[in-house]
Amino acid sequence: MNVRVRMAPSPTGSPHVGMIRTALFNWAFARHHGGTFVFRIEDTDKERSTRESLDAIIDLMRWLGLDWDEGPGVGGPYGPYFQSERGELYADALARLLEAGHAYPCFCTNDEVEARRKASGSKVMGYDGFCRNLDAETIAAYNAEGRPSVPRLRMPDGSITWNDLVRGEVTFETKFVPDYALARANGDPLYTLVNPVDDAYMKITHVLRGEDLLSSTPRQIALYAALQDIGIAEFTPEFGHLPYVMGEGNKKLSKRDPEAHALAYRDQGFLPEGLLNYLALLGWAIAADRDVFSLEEMVDAFDIRDVNPNPARFDLKKCEAINASHMHRLSTEEITRRALPYLKRDGVLTDPVSPADQQLLELAMPFVAERVNKLTEVGDLLRFLFVPEQDFVVDPADKEKVVDTEDGQAVVQAAYDALLRVEPWSAARINDALQEALVEEMGLKPRVAFGPVRVAVTGKRVSPPLFESLELLGRERSLSRLQAALG
Ligand code: GLU
């Protein structure tokens, strides 16, 4: 069987890491099996769907490199891939379900249903099947009166069982799964209808999605049977429900948690492969003793049956550590290439980059590449080299603590005097001069000796190696910053 899976986000709000985890597992499953990854936009809820959210999801998928074989911008044999453009298919499916008796019009109001439930003392929530067996004349009469109705699926009696690819056998007694509405009274189709109808038309073989949708699966399985009966579905897909992602305090990670927003990782300079590697660990492992792997390795090894059904905990620290491991796997040239958009965005470099800055960047990168855990940290470390002199500022807290003290001032003065005589201006000579003046003559420990110089010339206490930083900055700017630091 040709594997066909899909990611079917509703474009409402900012994309959530859980959505991306689902996309990743579907993508890896498709790639592992040489199958097809379909990207479908579930924008039936017109009030809540926004263009902004859609664009954010698409941008994110492109940034992550989770390429799709069918969907927006790509097309495919089962399009359109936007539910908002598939209205006729849903209307047709609904008409046929009603015609065949798999669905029936229900004229009850919520209040009526609730009143009956109270009167009967039933504990089963939801619809009680009151309109299941209305005869044709009654229906015609109600329609003639203009009574609003919604179509409901007639759930089968007994139980519904499936072999969940993640959770094993799952059974629901259908007496607890009431007949449910497939469309609104105005005819607008609901998720309950459109999702399985699309999966059927798109020949989706495996539905891999979050555990929050587990309770809709028995309903959908019943609908699939009906869709098969009327010739719309050829088969019922297999299902696998991915574990919940928990945040702080063991609560489900929600849109209110800042770490839930997937785009924030791109903005903060995470690598796509770092984020994806971390998200893969939310339910899956490549091996018991191994956390860091590439996407290709994941594709090779991925088996949905290995996914752990227990809730996964989102741990930002671990996410950062995994990202750092991926950073350290990249060459200096690659980090430079990837950091460039951030350096421009953050105003560290101009756009376009001047040839002089480009050269300075290439000289400086070997000293920072191994020190950075995220792409934005390149700019944090190198800003002092590129900032126009009139805009250079020293971190006020560091200045007060390290430079403005009596000892700090003495060090800066001695460094200034020693550097005046350095010739040629190279890291090695700068090293010799500062060692001699500060460590040997003043008798200071290196940490104490170099701290004030570092803060004065780079603006803060964390910088690339000091002597190289001074060499790159040049004699003139180094001396003038030291002079400026003397109170
Ligand atoms: N649009 C649904 C959601 O975002 C997709 C549900 C599914 O994958 O079946 O929750």
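The values are calculated or read from the model by the stated rules, or taken from the named source; none is laboratory data. Bear in mind the structure is a predicted one, so any value in this text is a computation, not a measurement. So basically every Cβ, Gly included, is an ideal-geometry build from the backbone, and we count neighbours across all protein chains shown.
Brief remarks on what is shown
- In segment 184-204, the count of residues that are of a type in the set (Lys, Arg) and in contact with a Leu (Cβ under 8 Å, 6 or more places away or on another chain) is one or more.
- Subset of segment 263-278 that is among the small types (Gly, Ala, Ser) and assigned to a helix (DSSP H, G or I) - its residue that is farthest from LEU54 (Cα to Cα): GLY274
- Picking from residues in segment 228-262 that are more than 15 Å from the ligand (Cβ to nearest atom) and part of a helix (DSSP H, G or I), the one that is farthest from ILE204 (Cα to Cα) is GLY249.
- Inspection of segment 152-175 identifies at least one residue that is out of contact with any Ser or Thr (no Cβ under 9 Å at 6 or more places or on another chain), surrounded by fewer than 17 Cβ atoms within 10 Å (Cβ to Cβ) and under 29 Å from VAL307 (Cβ atoms).
- The lone exception for TYR180 - which of (1) modelled with pLDDT under 95; (2) closer than 23 Å to ALA93 by Cβ it fails: (1)
- Any hit, segment 115-129, residues being touching a Phe, Trp or Tyr at 6+ places or on another chain (Cβ under 7 Å), aliphatic (A, V, I, L, M), surrounded by fewer than 17 Cβ atoms within 10 Å (Cβ to Cβ) and farther than 20 Å from ILE221 by Cα: yes
- Restricted to segment 1-106, the set of strands (runs of 3 or more DSSP E) holding at least 2 residues that are crowded, with 20+ Cβ neighbours inside 10 Å, without any contact (Cβ under 8 Å) to a residue 24 or more places away in the chain and out of contact with any Phe, Trp or Tyr (no Cβ under 8 Å at 6 or more places or on another chain) is empty.
- Restricted to segment 1-17, and to residues there that are among the hydrophobic types (A, V, I, L, M, F, W, C) and away from the ligand (no atom under 11 Å from the Cβ), the residue that is farthest from the chain's Cα centre (by Cα) is MET1.
- Of the helices (runs of 4 or more DSSP H) lying entirely inside segment 403-487, those carrying at least 1 residues that are hydroxyl-bearing (Ser, Thr, Tyr) are 406-420, 446-458, 466-473, 475-485.
- Among the residues of segment 422-439, some residue qualifies, meaning at least one is under 16 Å from PHE367 (Cβ atoms), at pLDDT 95 or above and exposed (fewer than 14 other Cβ atoms within 10 Å of the Cβ).
- Unique residue being of a type in the set (Asp, Glu), at pLDDT below 95 and within 21 Å of SER325 (Cα to Cα) when the list is ASP300, ASP289: ASP289
- Pairs with Cβ under 7 Å, 6+ apart, first in segment 292-316 and small (Gly, Ala, Ser), second surrounded by 14 or more Cβ atoms within 10 Å (Cβ to Cβ): SER294/GLU273; ALA301/ILE286; ALA312/PRO243; ALA312/VAL245; ALA312/MET246; ALA312/LEU282; ALA312/GLY283
- The one condition from (1) in contact with a Lys or Arg (Cβ under 7 Å, 6 or more places away or on another chain); (2) on the phi > 0 side of the Ramachandran plot that ASN250 does not meet is (1).
- Residue count for segment 301-320 under the criterion of being among the hydrophobic types (A, V, I, L, M, F, W, C) and either over 14 Å from LEU253 (Cβ atoms) or over 19 Å from the mean Cα position of the chain (by Cα) (or both): the result is 4.
- Test for ALA339: is it among the aliphatic types (A, V, I, L, M), assigned to a helix (DSSP H, G or I) and within 22 Å of the chain's Cα centre (by Cα): yes
- Those residues of segment 200-218 which are polar (S, T, N, Q) and more than 16 Å from VAL3 (Cα to Cα), in sequence order: SER215, SER216, THR217
Each row is one residue, and each column tells you yes or no for (1) touching a strand residue (DSSP E or B) at 6+ places or on another chain (Cβ under 7 Å); (2) away from the ligand (no atom under 12 Å from the Cβ).
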site	(1), (2)
MET19	no, no
THR22	yes, no
TRP27	yes, yes
ARG31	no, yes
THR36	yes, yes
GLU42	no, no
ASP45	no, no
GLU52	no, yes
GLY65	no, yes
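- Only one of the listed residues (THR138, THR161) is free of Cβ contacts under 8 Å to residues at least 60 places away in the same chain, in a strand (DSSP E or B) and either on the phi < 0 side of the Ramachandran plot or within 16 Å of the ligand (Cβ to nearest atom) (or both). That residue is THR161.
- Selection of segment 164-221 for residues being of a type in the set (D, E, K, R) and either in contact with an Asp or Glu (Cβ under 6 Å, 6 or more places away or on another chain) or within 11 Å of the ligand (Cβ to nearest atom) (or both) yields ASP198, ASP199, ARG209, ASP212.
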